[in-house]
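Structure first, then comments.
Each value in this text was obtained by applying a stated rule to the coordinates, not by laboratory testing. Keep in mind the model is a prediction, meaning the values are calculated, not measured. All Cβ positions, glycine included, derive from the backbone under ideal geometry; neighbour counts span all protein chains shown.
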């Protein structure tokens, strides 16, 4: 663990969330060519996991209103990856309160997926525990992703982690949903998650957002303090300010199994064209919601309106709403 | 020093380098209205220093080829700031090997400037010491800015710091010219600079570049380890990938004397329009030169050419040149 910018930990695993988190900017309407390009890039670059979308309820999120990566039906996934005869593991995210997980998460033997990532807000911890148990019983690796942890009370977080510690989840992910965290908060949470997960051998992960241009830095910070699972996305694609950019993370990691060159190719061939159609990145409104530790929804709305360049008005509105 | 994201150190001072570093993207050809807007914003926001440009040699850099902020003649500065009857201190940068400092730096009594920042590469340390002594004798505060320190040998850095420790410079600035540093390197250097400067009571500063989207994070890191002088620029304006964005830094600092709202106004009224004419920011080519610890000149050239979106070609070229 000394000099982490020179050495590497072989157990550190990287997860690409380009399609999953990126789907939040285009209602998950990526065409197959785009998804296949990301998949092939993940394989060529030696990444460990690719998150291909959500398992969202078709009742709440009708199929005719969203692209296929909102629901990740088995046939849609296989159209891209076949039997996925590669070292890359595949996962989806299921949100508490938004997924018919009892039926939509198939038994592992019927799926090409390897891991289910359970996402939940602190008040949904009970359902999350049920979801984690269900996915583990069905045969999957499971990750517990407590969202917006920076907006929860410390006592609540402790109680949630106590419950999660007893589940079969193999990973507890520190999730900075609103991009509000500074490095010292990341350090505190990574250490806390470790403390709760150590008796059952759980790994700690990091999922950072880039509202304050800190997603990459906070990912490094988590890694320095022992996190062995790191999320990133190509060109940082993701909702609002986006995520930790994969091209920066792979430049930092020193494990020669990771290859950065395929990332540059997919950036120029796929992400740059997409960036001319949809917007993401740390624009000033996202700086402000991050600083205020707020959900980015107001910033997303402001960026979509005709006052998108009026930072002062946005700031005044948020400050007076506090 | 505990919980620096909650408390503040009154002795921490912020320097705006928008016009000085930003001048490198437009040959210092800002019109008076732009410079005045930055100046007034610095005053309204409670910033401590504004760096208004360079004191560059008129022989090497003819007046008809550069804007006025390349030379910062006294009459040009006064046209913007008058007698500068404000708490904001003004400074310029003088580069070793590029300045006629003996004649162009006026005695303090004839100038509205408060500080001279001496910039130099490691092999120019001897001239830098002469420049520092000269500026101090003329009556100025002086800052020693050893550039590209991440590309120098540790022994050389130690020797340079030993020489600088004996000068009247009040500040030693850790300068990540190429945006190549990670947080742990920042920590090591800040502590080293402190060690050399402590006997003569020197402050340590940080000047970060954003090649890897780490300028803000590294600035925070330096502050956590005790740096009391931080450089930033509006919307991160600066050469290549740019600097630490002022709008992020002020969101982090907790000293109520700093006001962030005037920053948002100058961003929307001045920086956004400028961003449609000239380019800066952490584009992929800058990520790559940062990762390779190289001067950004190849990246700047690539961004200006018709292959600006060809990241793979750029990467291949740099890797084969190494």
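Taking chain A as a Gaussian network, Cα atoms linked when under 10 Å apart, which of A:87, A:262, A:296 shows the biggest mean-square fluctuation?
A:87
More than 21 angstrom separation, counting every C-alpha pair in segment A:137-243; what % is that?
30
Taking the Cβ of each residue in B:220, B:288, A:122 as the centre, tally the other Cβ atoms inside 10 Å and list the residues starting with the fewest.
Fewest-to-most ranking of B:220, B:288, A:122: A:122, B:288, B:220.
Give me the inter-chain shielding for B:91-98: mean count of other chain Cβ atoms within 10 Å, whole number please.
Mean inter-chain Cβ contacts per residue within 10 Å come to 0.
Test of understanding: ordering B:115, A:131 by Cβ neighbours within 10 Å, fewest first, what list do you get?
B:115, A:131
Over all alpha-carbon pairs of segment B:88-140, lay out the pair-distance distribution in 5 Å bins, whole %, shortest bin first.
Histogramming segment B:88-140 at 5 Å steps yields 4, 22, 35, 23, 11, 4, 1 percent.
Set the Förster distance to 25 Å, then compute FRET efficiency between residue B:65 and residue B:297 from the Cβ-Cβ distance, nearest 0.05.
Taking R0 as 25 Å, the efficiency between residue B:65 and residue B:297 is 0.85.
Using a Gaussian network model of chain A with C-alpha springs under 10 Å, which one of A:64, A:16, A:76 is most mobile by mean-square fluctuation?
Answer for the Gaussian network model of chain A: A:64.
Can you compute the FRET efficiency between residue A:187 and residue A:163 using 1/(1 + (r/R0)^6), with r the Cβ-Cβ distance and R0 = 22 Å? Round to the nearest 0.05.
0.40
Please compute, for the alpha-carbon atoms of chain A, the extent along each of the three principal axes and give them in descending order in Å.
The principal-axis extents, from largest down, are 54, 47, 44 Å.
Can you list the equivalent-ellipsoid semi-axes of the protein assembly as shown, largest first and in whole Å, using the square root of 5 times each Cα gyration tensor eigenvalue?
46, 24, 24
Once a ≥ b ≥ c are taken as the square roots of the eigenvalues of the Cα gyration tensor of segment A:22-158, is the result rounded (a/c under 1.5), prolate (a/b larger than b/c) or oblate (a/b not larger than b/c)?
Because a/c hits 1.5 or more and a/b exceeds b/c, segment A:22-158 counts as prolate.
Looking at the square roots a ≥ b ≥ c of the eigenvalues of the Cα gyration tensor of segment B:164-321, which shape do they give, rounded for a/c under 1.5, prolate if a/b is larger than b/c, or oblate?
oblate
Calculate log10 I(q)/I(0) of segment B:261-302 for q = 0.17 Å⁻¹, where I(q) comes from the Debye formula with a single equal point scatterer on each Cα and nothing for solvent.
Each listed q maps to, in turn, -0.59.
In whole Å, how far is the Cα centre of segment B:248-322 from that of segment B:67-136?
Using only Cα atoms to place each centre, the spacing works out to 26 Å.
Using only Cα positions of segment A:1-89, each an equal point scatterer, no hydration layer, compute I(q)/I(0) via Debye at q = 0.10, 0.18, 0.24 Å⁻¹ and quote the log10 values to two decimals.
For segment A:1-89 at q = 0.10, 0.18, 0.24 Å⁻¹, log10 I(q)/I(0) is -0.31, -0.79, -1.19.
How do B:88, A:214 rank when sorted from fewest to most other Cβ atoms within 10 Å of their own Cβ?
B:88, A:214
In a GNM of chain B with a 10 Å cut-off on Cα contacts, which of B:96, B:241, B:301 has the highest mean-square fluctuation?
Judging by the Gaussian network model, the answer is B:301.
Before rounding to the nearest 500, sum -39500 (n - 2.57) across all DSSP H runs of length at least 4 in the protein assembly as shown and divide by the residue total; then give [θ] at 222 nm in deg cm²/dmol.
About -11000 deg cm²/dmol.
Just tell me how shielded B:213-220 is by partners: mean number of partner chain Cβ atoms within 10 Å of each residue's Cβ, no decimals.
Counting Cβ atoms of other protein chains within 10 Å of each residue's Cβ and averaging gives 6.
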